[in-house]
1. Can you tell me which of 120, 79, 111 is open to solvent by 60 Å² or more (accessible area, probe 1.4 Å), modelled with pLDDT of 90 or more and under 20 Å from the mean Cα position of the chain (by Cα)?
2. Scan the stretch 41-70 for residues that are polar (S, T, N, Q) and either crowded, with 17+ Cβ neighbours inside 10 Å or touching a Cys at 6+ places or on another chain (Cβ under 9 Å) (or both) and jot them down.
3. For the stretch 125-169, how many residues meet the condition of being closer than 30 Å to residue 52 by Cβ, of a type in the set (Ser, Thr, Tyr) and at pLDDT 85 or above?
4. Find the strands (runs of 3 or more DSSP E) located wholly in the stretch 54-122 whose residues include 1 or more that are over 15 Å from residue 43 (Cα atoms), and list them.
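The values are calculated or read from the model by the stated rules, or taken from the named source; none is laboratory data. Because the structure is a prediction, the values reported are computed rather than measured. Glycine gets a Cβ as well: all are built from the backbone with ideal geometry, and neighbour counts include every protein chain shown. Ligands, DNA and RNA are stripped out before the accessible areas are found, and what is left, the full protein with its side chains, is counted by its heavy atoms. Shrake-Rupley method; radii C 1.70, N 1.55, O 1.52, S 1.80 Å.
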Amino acid sequence: MRVLRALTVTAAACAAIGLSAPFASANSGGPPSGGNGGPSNVTVNPYSVHQGASMQVSAAGCGRGGIVFSHGNFPQTNLSAGSIGFATVRIFNHASPGNHTLSVKCHDSSLVATHRFTILQGNGAQGGLGGSFGPSATETAIGAGLVGAAALGAGAHVIRRRRPIRGRA
């Protein structure tokens, strides 16, 4: 009975903390979404990106959207509207490696926020593509030949092992 009571109190405490966190972050006292407070909380993912790769940028405070730019590293890109705006930028293949800064400007504010990121030299690995690349014509022909050879071998094995049925006329 004591274990049940302790478990109930723990669950109630966790629920109270879990439900109060969104209210605390929603009432942080900052400017309302879409206000003239300008962009804030700019983040990049990943922080270090290879030449020619894509990077996700997010920023709060641009209720009507905005733009993301970095001179010589990627083209100016639109930031989506909403309480948190998102943009996917593609780094130029010829961008110079090293530490760089990107800027975010909201459509409804003249303020600009910046964030640092790193460009790595060379192309990254083509990871995560899974089975998106199909077999080539050569691989398909080899596979069909192996399947055909296996079928012929199985047929020959069955014919050699066939036993005559005795007692039938």
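1. Values: 79 fails: open to solvent by 60 Å² or more (accessible area, probe 1.4 Å); 111 fails: under 20 Å from the mean Cα position of the chain (by Cα).
Step by step, each of 120, 79, 111 is checked, and only 120 is open to solvent by 60 Å² or more (accessible area, probe 1.4 Å), modelled with pLDDT of 90 or more and under 20 Å from the mean Cα position of the chain (by Cα).
2. Of everything in the stretch 41-70, those that are polar (S, T, N, Q) and either crowded, with 17+ Cβ neighbours inside 10 Å or touching a Cys at 6+ places or on another chain (Cβ under 9 Å) (or both) turn out to be 51, 58, 70.
3. Here is the first cut: in the stretch 125-169, the residues closer than 30 Å to residue 52 by Cβ are 125-139.
Still in the running and of a type in the set (Ser, Thr, Tyr): 132, 136, 138.
From what's left, at pLDDT 85 or above: 138.
The qualifying residues number 1.
4. Working: elements: 54-60, 66-70, 74-79, 84-90, 98-106, 112-120.
Result: 74-79, 84-90, 98-106, 112-120.
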